[in-house]
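First the structure, in the form of structure tokens, and then the observations on it.
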């Protein structure tokens with residue numbers, strides 16, 4: 001009798017012990033599954049239909065993706081996004097490498113102060129940043145045009161966000177402004193971990209500063225470069241650039257990025273299936289860049 | 001040689017300071033603008049100091065243009081999302097670091113990689129459909145729940161790596177003393193993890209506070225808009241008045257900047273160490 005209940009108790013306890021870990025992870029994994037992963041995967045099924053989001057779905061296979069290839073507005077958004085990618089990601093990384101090697105190798109005092117200033121754009125809502133820059137670029141009473149008048153370069157004044165020649169680059173530069181500091185923070189932290197003896201030894205071998213940068217600093221920072229590359233890429237294609245373009249130009253004058261095009265297709269034009277296909281292409285680009293850079297990193301290691 | 005070093009340090013300082021100014025000036029211009037009047041900006045340009053340090057613009061934006069409501073909505077969204085996510089992330093991180101169970105690696109990978117990498121833009125369309133089916137459109141829960149999930153995934157990642165660094169004896173000695181897993185988590189692990197919890201809390205507060213696309217898609221009633229959405233709506237309606245718009249921008253930007261300045265070393269640590277590892 002006693003033995004019997006003991007066994008029942010034990011097995012029940014073992015059973016409950018097997019569930020315990022799942023109870024601990026259930027809220028996090030469950031909410032991620034329902035509110036992030038399931039919606040994310042739903043894009044794939046949505047993209048196979050012609051659908052306005054409310055009425056009946058019509059299965060059309062890959063037609064949305066085929067249409068994308070010849071959709072001029074999509075191609076335009078893609079080209080615009082390349083400009084954003086270039087300024088937010090490539091320019092920030094290259095300038096960031098140059099500046100951070102100057103700062104970190106010069107052993108400046110107050111590096112921490114500079115680091116904390118450089119991070120500020122990262123914590124401010126993209127909508128607020130866009131709002132500030134809308135005034136900075138404003139045609140009348142704007143900050144840049146006023147500055148140009150003060151220094152006597154009035155002929156350079158123009159409505160920076162209000163014409164196709166400058167609007168895209170003007171928006172793109174906001175990306176450089178916000179991300180350059182972040183890159184520098186990450187790179188400076190990385191450079192400070194490099195053994196100073198390596199530099200001393202290379203000096204004895206007669207290495208110039210540029211050579212030191214190329215053969216010591218850069219190889220040691222490859223991991224940091226990949227991290228900034230992935231994070232800046234996500235922002236130059238995702239929520240960040242979406243909010244900044246929406247608030248500065250509303251996507252006019254050729255400034256519309258892919259993400260804003262997807263939003264307008266889904267929520268303004270009611271082409272939900274088609275917009276999902278756009279989101280999938282966007283996701284593919286981001287995961288492609290991330291995957292490729294991680295692959296190159298692994299191969300180097 | 002030493003002259004060369006001084007020149008090197010000098011140019012380093014020059015570049016560092018120049019860049020710091022470039023980053024700070026837009027914010028300074030914004031804050032100066034909040035104390036001025038539109039006609040004054042037209043007359044004296046954007047760089048002039050305010051004539052008087054009046055908080056009149058703040059009063060008007062807060063109470064005439066609904067920013068008081070936007071503030072309340074932002075707090076109502078951010079507080080439950082951040083606190084809730086920290087609690088459930090501590091539980092998940094504890095299980096992922098000290099317990100063994102089938103499918104552990106797969107679940108961990110799915111949570112961390114997809115949960116952390118998926119941005120709002122990627123899920124905005126299906127999320128609207130989901131919330132519509134749940135009857136949560138125009139309900140703050142429709143913004144809270146995805147923010148909670150994403151924050152919990154990020155915090156699980158950081159807290160797990162923190163827990164993995166703790167000695168195993170910590171858990172064993174607790175269990176030997178007769179404490180349950182649950183008690184060990186809350187009485188031993190959670191208090192030790194305080195620095196990591198602060199980092200996670202500060203970062204997820206800033207992110208949730210700044211969230212824009214999810215409310216744009218799911219909140220149609222202006223009275224329920226959080227600050228970033230409210231700021232965008234505000235500009236759609238009152239484009240002309242620069243100081244009022246700058247005040248709205250300052251009201252939106254200030255809380256995250258204050259949180260950042262308060263927890264600054266921990267946040268920069270979290271970014272340079274936490275996410276890189």
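Odds and ends about this structure:
Matching residues to (1) surrounded by fewer than 24 Cβ atoms within 10 Å (Cβ to Cβ); (2) within 10 Å of another protein chain (Cβ to nearest Cβ); (3) touching a helix residue (DSSP H, G or I) at 6+ places or on another chain (Cβ under 7 Å); (4) at pLDDT below 95:
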| residue | (1), (2), (3), (4) |
| --- | --- |
| A:243 | no, yes, yes, yes |
| A:251 | yes, no, yes, yes |
| A:254 | yes, no, yes, yes |
| A:275 | no, yes, yes, no |
| A:280 | yes, yes, yes, no |
| A:284 | yes, no, no, yes |
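- Within region A:45-74, restricting attention to residues that are over 26 Å from the mean Cα position of the chain (by Cα) and not in a loop (DSSP other than H, G, I, E, B), the residue that is nearest to residue A:261 (Cα to Cα) is A:67.
- Pick from region A:51-66, criterion in contact with a strand residue (DSSP E or B) (Cβ under 7 Å, 6 or more places away or on another chain) and surrounded by fewer than 16 Cβ atoms within 10 Å (Cβ to Cβ), ranking: nearest to residue A:272 (Cα to Cα): A:57
- Any chance residue B:91 is assigned by TED's automatic domain parsing to the domain that holds residue B:224, crowded, with 17+ Cβ neighbours inside 10 Å and modelled with pLDDT of 90 or more: yes
- Scan of region B:189-220 for residues that are part of a loop (DSSP other than H, G, I, E, B) and under 30 Å from residue A:237 (Cβ atoms), ordered by number: B:211, B:212, B:219, B:220
- Any hit, region A:102-120, residues being facing chain B (nearest Cβ under 8 Å), within 17 Å of the chain's Cα centre (by Cα) and more than 17 Å from residue A:190 (Cα to Cα): yes
- Qualifying residue in region A:138-160 (condition: touching a residue at least 40 places away in the same chain (Cβ under 8 Å), in the same structural domain as residue A:225 (by TED's automatic domain parsing) and under 26 Å from the mean Cα position of the chain (by Cα)): no
- Some residue of region B:187-195 being under 28 Å from residue A:39 (Cα atoms), surrounded by fewer than 19 Cβ atoms within 10 Å (Cβ to Cβ) and touching a residue at least 12 places away in the same chain (Cβ under 8 Å): no
- Of the criteria (1) modelled with pLDDT of 95 or more; (2) facing another protein chain (nearest Cβ under 9 Å); (3) under 21 Å from residue B:126 (Cβ atoms), which one residue A:77 fails: (2)
- Among the conditions (1) exposed (fewer than 14 other Cβ atoms within 10 Å of the Cβ); (2) facing chain A (nearest Cβ under 10 Å), the only one that residue B:39 does not satisfy is (2).
- Of all the residues in region B:156-179, those that are assigned to a helix (DSSP H, G or I) and surrounded by 11 or more Cβ atoms within 10 Å (Cβ to Cβ) number 15.
- Any hit, region B:126-141, residues being facing another protein chain (nearest Cβ under 9 Å) and more than 18 Å from residue A:43 (Cβ to Cβ): no
Here is a yes/no grid of residues against (1) more than 10 Å from chain A (Cβ to nearest Cβ); (2) free of Cβ contacts under 8 Å to residues at least 60 places away in the same chain; (3) under 25 Å from the mean Cα position of the chain (by Cα):
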{"residue": "B:13", "(1), (2), (3)": "no, yes, no"}
{"residue": "B:56", "(1), (2), (3)": "yes, yes, no"}
{"residue": "B:77", "(1), (2), (3)": "yes, no, yes"}
{"residue": "B:82", "(1), (2), (3)": "yes, no, yes"}
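- Residues considered: A:131, A:166. Of these, the only one that is crowded, with 22+ Cβ neighbours inside 10 Å and on the phi < 0 side of the Ramachandran plot is A:131.
- Residue check, residue A:128 under 24 Å from residue B:21 (Cβ atoms), at the interface with chain B (Cβ under 9 Å from one of its Cβ atoms) and assigned to a helix (DSSP H, G or I): yes
- Residue count for region B:225-253, restricted to those that are outside any loop (DSSP other than H, G, I, E, B), touching a helix residue (DSSP H, G or I) at 6+ places or on another chain (Cβ under 9 Å), more than 8 Å from every other protein chain (Cβ to nearest Cβ) and without any contact (Cβ under 8 Å) to a residue 24 or more places away in the chain: 1
- 3 or more residues within 26 Å of residue A:125 (Cα to Cα), in contact (Cβ under 8 Å) with a residue 24 or more places away in the chain and in the same structural domain as residue A:70 (by TED's automatic domain parsing): qualifying helices (runs of 4 or more DSSP H) within region A:202-301: A:222-237, A:239-248, A:258-267, A:272-300
- Yes/no for residue B:145 being under 23 Å from the mean Cα position of the chain (by Cα) and under 21 Å from residue B:226 (Cβ atoms): yes
- For region A:179-186, the count of residues that are under 28 Å from residue A:236 (Cβ atoms), surrounded by fewer than 20 Cβ atoms within 10 Å (Cβ to Cβ) and assigned by TED's automatic domain parsing to the domain that holds residue A:214 is zero.
- Among (1) in contact (Cβ under 8 Å) with a residue 40 or more places away in the chain; (2) more than 7 Å from every other protein chain (Cβ to nearest Cβ), the one test that residue B:117 misses: (1)
Matching residues to (1) in the same structural domain as residue B:223 (by TED's automatic domain parsing); (2) more than 30 Å from residue A:206 (Cα to Cα); (3) modelled with pLDDT of 95 or more; (4) surrounded by 21 or more Cβ atoms within 10 Å (Cβ to Cβ):
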| site | (1), (2), (3), (4) |
| --- | --- |
| B:73 | yes, yes, yes, yes |
| B:77 | yes, yes, yes, yes |
| B:80 | yes, yes, yes, no |
| B:101 | yes, yes, no, no |
| B:109 | yes, yes, no, no |
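The values are calculated or read from the model by the stated rules, or taken from the named source; none is laboratory data. Keep in mind that this is a model prediction, so the values were computed, not measured. Because the Cβ atoms are built from the backbone with ideal geometry, glycine has one as well, and the counts that use them run over all protein chains shown.
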